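Below is one structure; the comments refer to it alone.
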Amino acid sequence: MKSSPPLFRQYYEMLYNAADELLNLVVDQGVRYTELEYIHALSLLQRSQTGVGDLSTQNVRLQRLKEIICEQAAFKQATKDKKITTV
């Protein structure tokens, strides 16, 4: 993780959330970490929290994570392209 110390702390604090709440955080706060770092966080939450679902539920969450990251990357690129064309 190539991040500053506050981002390390925020990553750690992110692990206090439930798996579905983590996905909501990514939507609300934007992508702050790599996809792999989010995958590790979701996997850790899956193993450490009881009653969060089976393997198929985890796969659905991972797919949703990938969708969120792609959507945000596309939005960021579209915003960047818009700034370039309006200059």
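The values are calculated or read from the model by the stated rules, or taken from the named source; none is laboratory data. Note that this is a predicted model, so its numbers are computed, not measured. Glycine also receives a Cβ, built like all others from the backbone with ideal geometry; neighbour counts cover every protein chain displayed.
Points worth noting:
- Selected residue (criterion: nearest to A73 (Cα to Cα)) from residues of segment 1-33 that are in contact (Cβ under 8 Å) with a residue 24 or more places away in the chain and among the aromatic types (F, W, Y): Y33
- Residue match in segment 38-56 (condition: hydroxyl-bearing (S, T, Y) and in contact with a helix residue (DSSP H, G or I) (Cβ under 6 Å, 6 or more places away or on another chain)): yes
- Any hit, segment 55-78, residues being at pLDDT below 85, exposed (fewer than 13 other Cβ atoms within 10 Å of the Cβ) and part of a helix (DSSP H, G or I): yes
- Complete set of residues in segment 11-20 that are in a helix (DSSP H, G or I) and either in contact with a helix residue (DSSP H, G or I) (Cβ under 9 Å, 6 or more places away or on another chain) or of a type in the set (F, W, Y) (or both): Y11, Y12, M14, A19, D20
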